[in-house]
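Worksheet: one structure, shown below.
The values are calculated or read from the model by the stated rules, or taken from the named source; none is laboratory data. Only a predicted model underlies this, so the values are computations on that prediction, with no experimental measurement involved. FYI the Cβ positions are ideal-geometry reconstructions off the backbone, even for glycines, and counts take in every protein chain you see. Just so you know, the surface numbers come from the protein's heavy atoms only, side chains and all, with ligands and any DNA or RNA stripped out. Shrake-Rupley method; radii C 1.70, N 1.55, O 1.52, S 1.80 Å.
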Amino acid sequence: MSAEEAAPEHTAVRVALWRALHLRADAPPHVIEDELGLRIADPGEGWWERPDMDVDATRRTRASIVARARFVEDLVEELAEHGVDQYVVLGAGLDTFAQRRAADAVRLGLRVFEVDRPGPQAWKRRRLVGLGLDVPEWLRFVPVDFEGDWWGRLTEAGLDPARPAVVASAGVTMYLSEDAVTATFRLVAGLAPGSTFVTTFLRPVEDVEPEQQAQLRVAMAGARAAGTPFLSFYRPARILALAREAGFHERRHVSAADLEKRYFADRTDGLRPSRGEELLVATV
């Protein structure tokens, strides 16, 4: 395994840093409080001076990142209160739910499955150990090749497909072909009734706020240069249609306006998410 393969994804680090920057750059109340991802990433002094951490330029993107994280965690807790005790994080990256909210996970009887590529996941496990953070029995790391039988690896790790689960996929669909997106939708739609899938999706550039379009094009160019181009963009009607065709019984689009109303309504600083990335919630 090369050193590059054993390092965290650049995108995962960036998301972790944006979540930490929210606490440093934005006034309370904070949508989510997460500096643990920053500790795991360990980017070194002066990380906030990176061009991609520009406080003003990344304001709406940063708001979208923390809003989607909060929405997913709220949904997991809501469903767990009703007995859905399996939580799958696809492309987990530097997600810190299991560490920050361990007490809630135990209280709710959750089993958490973090699914990611072997190299970055092994790196994260070493960092958790180095920080003195235990890996509890209810947290399962599932190293997979997403081009292979990753679903089989997930069930081998203990996921019970006959019982409801919450499956979350944040910041992933843009890197997948539509065939891969459709295949994932169909797998999750095959879970037990009562299961819920929550995923983000990127809207086409022309749908994004005019002042955000240049930043999105820069992100697209950077992803392409890094060998991980953005492949899929969706308008709400299309992503809802894919979910219907995959077999989900209920489907809803969670827009940036919905997130703004839910998490940013009482703010006086104008912080609000971009409509560049929105969410789909689909129920089996």
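In a reduced charge model with +1 at each Lys and Arg Cβ and -1 at each Asp and Glu Cβ, the stretch 155-284 shows a dipole moment near 140 debye about its Cα centre. Residues of the chain were split at every exposed loop site, defined as GluC sites (Glu not before Pro) in a DSSP loop with at most 11 other C-beta atoms within 10 angstrom, and the longest piece left, sites excluded, is 148-284. Electrostatic bookkeeping for Val208 treats Lys and Arg as +1 and Asp and Glu as -1; over the other residues with beta carbon under 11 Å from its beta carbon, the sum is -2. Helices assigned as whole DSSP H runs in the chain whose Cα atoms extend at least 20 Å along their own long axis and whose mean Kyte-Doolittle hydropathy is -1.0 or higher are found at 10-25, 59-80, 210-225. For the stretch 120-272, averaging the sequence separation of C-alpha pairs within contact (under 8 Å, six or more residues apart) and dividing by the residue count gives a relative contact order of 20 percent.
What's the magnitude of the charge dipole for the chain around its Cα centre, counting Lys and Arg as +1 and Asp and Glu as -1 at the beta-carbon? Answer in Debye, nearest 20. Intermediate values should be presented prior to the final figure.
Values: 36 positive and 44 negative charges, 44 e Å.
With only Lys, Arg, Asp and Glu charged at Cβ, the dipole is about 220 debye.
Cα centroids of the stretch 236-284 and the stretch 215-235: 21 Å apart. By the helix-only formula, in which each DSSP H run with n ≥ 4 contributes -39500 (n - 2.57) and the sum is divided by residues, the chain has a 222 nm mean residue ellipticity of -13000 deg cm²/dmol. A straight line joining the Cα centroids of the stretch 1-60 and the stretch 170-194 runs 27 Å. Note on exposure: Lys261, Lys124 ranked by accessible area (1.4 Å probe, complete protein assembly) read Lys261, Lys124, with the most exposed listed first.
Debye sum, Cα scatterers, the chain, no solvent: what log₁₀ I/I(0) at q = 0.12, 0.16 1/Å? Listed by q, the Debye log ratios stand at -0.75, -1.48. Rolling a 1.4 angstrom probe over the protein heavy atoms with all chains in place gives the chain an accessible area of 46 Å² per residue.
If you take every residue apart from Ala265 with its C-beta less than 14 Å away from the C-beta of Ala265, what net charge results, scoring Lys and Arg +1 and Asp and Glu -1? The partial results should precede the final answer.
Details: positive: Arg70, Lys261, Arg262, Arg267, Arg272; negative: Asp258, Glu260, Asp266, Asp269.
Local charge sum for Ala265: +1.
With every protein chain in place and a 1.4 angstrom probe, the accessible-area ranking of Val172, Val129, Val208, largest first, reads Val129, Val172, Val208.
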